[in-house]
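Following: one structure in structure tokens, then a few remarks.
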Amino acid sequence: MHTVMVTGGAGFIGGNFVHFLMDETDCRVVNLDNLTYAGNLDTLAPLANNPRHCFVHGDIGNAALVEQLLKDFEVDAVVNFAAESHVDRSIDGPTPFITTNVVGTFNLLECARAHWLKRNEATRQSFRFLHVSTDEVYGSLGATGRFTESTPYAPNSPYSASKAASDHLVRAWFHTYGLPVLTTNCSNNYGPYQFPEKLIPLMIHKAQQGEPLPIYGDGGNIRDWLYVTDHCRAIWRVLEAGAPGEVYNVGGDSERTNLQVVDTLCALLDELLPDSPRRPHANLKTFVTDRPGHDRRYAIDADKIKRNLGWTPSETFETGLRRTVAWYLDNPEWCRRVTDGSYRGERLGAAL
């Protein structure tokens, strides 16, 4: 049985990946999460009695803790999801983004390198460090073209700059020290267990409450949407068969404007909540001032992972979004508990 350390495994994508590993593999998982505002133990509640899952409350910046976990569990792979990830929050306060995304990744790399060097030759060859990143490191696209693995970095927000810095550290630890690293850059994820500061769960929550649905600018900003379970399958495939030192872009082939996303959500809510007094939910749409430095368009070219590793997304945007809306409607207690914290759906990232 292989042992995988998942950092940030109580968050949105990390939590879904932990569930994927429990359901689809026989791996043992060491789940390290600092339980900041977006970390939620309710996401992991179904795994409470699973002997293959060990949750540890801790920080990737705590070298002694990370080193001890790597040693005690004889970890075979590290998958790093741990990150501050919301652009608007990075505008309001960039310090945690530098601390976690840059310094934390550096610490994790150093601990992984020390652990890797202590292993015997056979297990050293099989060890992997997979760093999960974002398409935002590439900056903004015009009306045509897509990001490839060779697209120059041009981050435009404190968040994307911090992720770009961590990507560069991962690359350097491969070329300088030989640490067998892998990097994935993904497009916008959506699906179950996502904290409701992000577009899709925020709009679902606000629409149910009959609150205005804030759309930045003219609503024409375009993102490529990726269903989170498809992303989890891609990460696992890269971990299984990716070449050390390589970067793999992961996208859903589902470009939509923000306005199109909200319109599709409203139509689904109208259908799935036929007795809602909020219908038609599209009447709740409200256009608000755009956020500073809002990238106009992202789009991922995922040909490399499709061609080299045989991965393709299973969900279209329409099927994935229907699954997502149904999940939030079917899990009101998870939604209630996550919104009981300090975030109440207020506007973030408006101040320069």
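Side notes on the structure shown:
- Full-stretch length increase - SER126, GLN209 - with 0.36 nm per residue and alpha-carbon distance subtracted: 24.9 nm
- Here's how it looks for ILE215: its modeled amide H is under 5 Å from those of THR286, PHE287, VAL288, which are all 5 or more places away or on a different chain.
- Using C-alpha pairs under 8 Å with a sequence gap of at least 6, the mean separation divided by the residue count of the range 78-237 gives a relative contact order of 25 percent.
- Relative protection proxy for 10-18, 251-259, from highest mean packing down: 10-18, 251-259 (other beta-carbon atoms within 10 angstrom).
- A simple rule links phi to the HN-Hα coupling: the Karplus curve 6.51 cos²θ - 1.76 cosθ + 1.60 with θ = phi - 60°, which for the range 317-324 gives 4, 5, 6, x, 5, 4, 4, 5 Hz, with x for Gly and Pro.
- Structural descriptor for the range 38-111: relative contact order 40 percent, calculated from alpha carbon pairs under 8 angstrom and at least 6 residues apart.
- For the chain, the longest principal axis of the C-alpha atoms and the axis of helix 12-24 are separated by about 60°.
- By definition, a body whose alpha carbon gyration tensor gives a ≥ b ≥ c is oblate when a/c is 1.5 or more and a/b is not larger than b/c, and the range 102-162 fits this oblate description.
- Over the chain, relative contact order from alpha-carbon pairs under 8 Å, at least 6 apart, %: 19 percent
- Cα centroid separation - the range 19-94 against the range 111-161, whole Å: 18 Å
- Amide H contacts under 5 Å for CYS186, placed H, 5+ residues apart: SER133, THR134, ASP135, VAL250
- Under-5 Å amide H pairs with ARG297, H placed in peptide plane, nonlocal only: LEU141, ILE222
- With neighbour counts taken as other beta-carbon atoms within 10 Å, the residues LYS118, LYS163 rank, fewest first, as LYS118, LYS163.
- Shape category assigned to the range 1-80 from the gyration tensor of Cα positions, a/c cut at 1.5: oblate
- Computed [θ] at 222 nm, deg cm²/dmol, the chain (DSSP H ≥ 4; -39,500 (n - 2.57); rounded to nearest 500): -12000 deg cm²/dmol
- If the chain linking ALA172 and ASN50 were pulled fully straight, counting 0.36 nm for each residue of separation and taking away their Cα-Cα distance, it would gain 40.2 nm.
- Couplings for the range 166-172, taken from phi via the Karplus curve 6.51 cos²θ - 1.76 cosθ + 1.60 with θ = phi - 60°, read 5, 4, 5, 4, 4, 4, 5 Hz in order; Gly and Pro are left as x.
- Prolate/oblate/rounded label for the range 48-150 (Cα gyration tensor, a/c 1.5): prolate
- Residue-by-residue Karplus 3J(HN,Hα) for the range 51-56, coefficients 6.51, -1.76, 1.60, Hz, glycine and proline x: x, 8, 10, 10, 8, 10
- Computed from the C-beta positions of LEU272 and ARG296 and an R0 of 45 Å, the FRET efficiency is 0.90 to the nearest 0.05.
- Out-of-range pairs (alpha-carbon distance over 31 Å; input LYS198/LYS304; LYS71/LYS304; LYS118/LYS306; LYS163/LYS306; LYS198/LYS306): LYS71/LYS304; LYS118/LYS306
Throughout, read-outs are computed from the coordinates displayed, never taken from laboratory work. Since we're looking at a predicted model, the values are computed, not measured. Note: ideal-geometry Cβ built from the backbone for every residue, glycine included; neighbour counts use all protein chains shown.
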